[in-house]
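Quick notes on the structure that follows.
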Amino acid sequence: GYQDQWATNVTSDLAAHGWDGVLIDNANMKPSGYASLPYDEYSTRQSYEDATRSFLANVGPKLQAAGFLVIPNIQHEGTLLTESLWNDWVQFASGGYVEHYSKWNEDSSSWLTGSDWDKEQVFERDTEAAGKIFIGTFYAPTSDVRSMRYARASFLLDWDGGPSALAFIPNPAVDDSWSPEWTVDIGTPVGSRYQVGSA
């Protein structure tokens, strides 16, 4: 009942205000950061994850059938967020959203490398291969050119030229997110990406 009412309310609100769609924040596998289990309704972490999947499977197709985009912010929870779970949940939506793309913190540190970096790139590739939208956002100070270049380079390595997007959220949030780094023309790719040393 809650899911159906949510879909009705959000569809009405999107239509009334001329929005293209909705970002569902968050589609979680567990409620850490917001609350702790057990809930009366969800006594285990798995039951919470199942409820989130049920929600996406119900509301995603309804909103898309009404002509709206539906992009869930799928919780980036370590080993819980696997490629198979990502693809399973994205199937119900117009795409998927990764917060803290390419780095964890909001300062000039904690860039993702190794398997953590690989995982996010797989999410981007899989989402675009399914004909859907991948959105990655990251946080950093506006003076942090290194983080900007790292995020943009990572995103472009697997971008298919479609409607996917990279978004920068400045820290502090009152700063302007604009930087000339966003319009540097790096040319047209001449081939597939390949590894050079550890990069």
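The values are calculated or read from the model by the stated rules, or taken from the named source; none is laboratory data. Note that the coordinates shown come from a computational prediction; the quantities given were computed from them, not determined experimentally. Every residue, glycine as well, gets a Cβ built from its backbone with ideal geometry; the counts of neighbours run over all protein chains shown. All accessible areas refer to the heavy atoms of the entire protein, side chains included, with ligands and DNA or RNA removed. Shrake-Rupley method; radii C 1.70, N 1.55, O 1.52, S 1.80 Å.
For the reader, a short list of remarks on this structure follows.
- Identity of the residue in the range 154-184, within 21 Å of Asn73 (Cα to Cα) and among the aromatic types (Phe, Trp, Tyr), that ends up most open to solvent (accessible area, probe 1.4 Å): Trp159
- Filtering Leu81, Leu85 for residues that are modelled with pLDDT under 95 and more than 25 Å from Thr183 (Cα to Cα) leaves a single hit, Leu81.
- Residue within the range 95-110 that is in contact (Cβ under 8 Å) with a residue 60 or more places away in the chain, touching a strand residue (DSSP E or B) at 6+ places or on another chain (Cβ under 9 Å) and among the small types (Gly, Ala, Ser) present: yes
- Looking across the range 36-53, the residues that are open to solvent by less than 40 Å² (accessible area, probe 1.4 Å) and not hydroxyl-bearing (Ser, Thr, Tyr) come down to Glu49, Ala51.
- Filter result for the condition that a residue is open to solvent by 40 Å² or more (accessible area, probe 1.4 Å) and either touching a Cys at 6+ places or on another chain (Cβ under 8 Å) or over 18 Å from Trp6 (Cβ atoms) (or both), over Glu124, Glu128, Glu83: Glu83
- Unmet criterion (only one of (1) modelled with pLDDT of 95 or more; (2) of a type outside the set (S, T, N, Q); (3) open to solvent by 40 Å² or more (accessible area, probe 1.4 Å); (4) touching a Phe, Trp or Tyr at 6+ places or on another chain (Cβ under 6 Å)) for Leu56: (3)
- Residue count for the range 110-121 under the criterion of being over 16 Å from Ser84 (Cα atoms) and either open to solvent by less than 10 Å² (accessible area, probe 1.4 Å) or charged (D, E, K, R) (or both): the result is 1.
- Residue among Asp88, Asp107 that alone is surrounded by fewer than 14 Cβ atoms within 10 Å (Cβ to Cβ), of a type outside the set (A, V, I, L, M, F, W, C) and assigned to a loop (DSSP other than H, G, I, E, B): Asp107
- Pairing each residue of the range 188-199 that is open to solvent by 100 Å² or more (accessible area, probe 1.4 Å) with any residue that is not basic (Lys, Arg), provided the two are 6+ apart or on different chains, yields C-beta distances under 7 Å for Arg193/Leu157.
- Within the range 145-153, not a single residue is part of a loop (DSSP other than H, G, I, E, B), touching a Lys or Arg at 6+ places or on another chain (Cβ under 7 Å) and open to solvent by less than 30 Å² (accessible area, probe 1.4 Å).
- Cβ pairs under 6 Å, 6+ apart, first in the range 1-19 and under 13 Å from Leu69 (Cα atoms), second exposed (fewer than 15 other Cβ atoms within 10 Å of the Cβ) and among the acidic types (Asp, Glu): none
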